[in-house]
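*Asks:* There's a structure below that I have some questions on.
The values are calculated or read from the model by the stated rules, or taken from the named source; none is laboratory data. Predicted, not measured: the structure shown is a model, and the values here were computed from it. Here the Cβ positions follow ideal geometry from the backbone for every residue, glycine too, while neighbour counts run over all protein chains shown. Heads up: the accessible areas ignore ligands, DNA and RNA and are worked out on the full protein's heavy atoms, side chains in. Shrake-Rupley method; radii C 1.70, N 1.55, O 1.52, S 1.80 Å.
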Amino acid sequence: MAPRRETEHKKAQLKAYIREECLRNQAKPNKLLPPVRELSDTFGLSAMLVWQVLKELEAEGLIYTIPRVGTFIGPPTHPPSEFYLMLVRRLERSQWHAWQTREGFEERIAALGGATLILTHEVFADCTHKKQLPPLAGIFYFDEENPVWPQEAKLRRVPKVQFRASNAFLRMCDHVSFDDRDGGRRATQHLLQLGHRCIAFLGLHKNALDLVFDWSVQREEGWKQALLQVGLSPQGLAYHPPETLSYEKVYSMEALGYTAAQPLVRREDVTAVVCANDSAALGLLRALQTANIPPNRWPAIVGFDDQPEVAIHNVSSFRLPWYEIGRTAADLLWERRHNLLTGSFQHRYVTMVLIQRLTSPVQWSHSTEQAALTLLGTTTDSPD
């Protein structure tokens with residue numbers, strides 16, 4: 001048994017943590033604190049002692065507790081009367097996109113005066129079976145690959161929002177997604193503004209009906225539109241994995257991109273490439289290295305996701321604001337719940353942010369080329 005002095009020290013640490021959270025979130029009341037079990041593990045206290053600390057702080061008016069829901073920051077002068085559920089496959093720090101989406105969802109619902117529940121499908125099914133869930137005002141399905149639609153009659157009329165993975169679920173509820181077609185168009189326009197005219201697209205989908213990589217299909221459509229708008233033909237400039245390739249035998253999207261890029265790296269006329277995402281871009285870079293193409297002859301590249309690996313290679317990439325996905329989903333649910341949104345299901349798009357980098361020597365103007373090459377420690381002939 002831990003000495004009394006050590007226990008009191010841990011309780012003081014827990015109190016200080018919660019007080020700091022209250023100060024940090026004064027402008028964001030109704031923020032949900034971590035569950036008792038998590039606080040217990042973090043501070044090395046029993047669940048009973050954690051509850052004791054929470055009750056003491058609740059008596060001071062710093063926090064309030066809603067049974068079977070959780071403990072919230074702020075005085076319960078206007079406790080939330082509506083609860084909005086976000087369903088995820090799993091919620092771990094390594095799943096940063098789900099984590100950021102959760103933050104946007106929670107903060108927006110809190111600002112609107114509601115409360116949130118974040119559950120995995122397994123926990124949701126168990127709580128539903130045991131009738132442990134409070135009445136729900138809306139459900140946000142974030143598991144883009146395997147949406148689970150509750151069959152319980154009492155949930156059929158609850159507003160729902162799906163993070164869209166493909167058009168297969170388009171008519172079942174409201175949707176939120178990134179504007180992939182706009183992203184492909186803007187990536188191409190960026191390269192056009194830099195002076196490129198032979199711009200290829202490296203996709204991860206096999207064909208236009210490939211629902212596994214629907215976002216890749218949409219980004220290719222945007223690329224094609226941008227080229228056609230300036231009178232350039234996209235004919236023969238789109239590259240994809242072969243139809244005979246089995247996705248089950250490919251271990252990563254980078255490997256798919258590497259396979260699709262094999263004929264592309266032999267094109268000397270292509271000076272720029274829009275890649276379906278950063279994994280495809282990394283596959284292209286590996287294909288260029290394997291083919292022994294000198295770095296000063298590599299095409300300018302734009303990808304999506306802004307992975308740390310592509311930043312190292314100075315690849316321009318679109319940063320995906322997952323936080324806004326959560327906020328937009330919360331707005332859709334709130335509007336449906338309060339009859340601010342009626343009629344047919346809507347699909348709202350979130351705009352991505354282009355992070356421009358010095359991708360390749362061929363994209364720089366003659367006046368800045370030498371300085372840029374000096375920065376990278378390379379030399380090349382002036383671009384045509």
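*Asks:* What's the ranking of 317-330, 258-271, 121-134, 183-196 by average number of surrounding C-beta atoms within 10 Å, highest first?
*Replies:* Sorting 317-330, 258-271, 121-134, 183-196 by mean packing, highest first, produces 317-330, 183-196, 258-271, 121-134.
*Asks:* Let me ask you something else. For each pair in LYS10/LYS130; LYS15/LYS131; LYS11/LYS55, compute the distance between the two Cα atoms and list the pairs where it is over 24 Å.
*Replies:* Beyond 24 Å between Cα atoms: LYS10/LYS130; LYS15/LYS131.
*Asks:* Okay, moving on. Give me the accessible area per residue for the stretch 229-300, probe 1.4 Å, as a whole number in Å².
*Replies:* Solvent-accessible surface per residue comes out at 51 Å².
*Asks:* Among the chymotrypsin sites (Phe, Trp or Tyr not before Pro) in the stretch 156-254, which ones are in a DSSP loop with at most 12 other Cβ atoms within 10 Å of the Cβ? Mind listing them?
*Replies:* Answer by residue number: TYR251.
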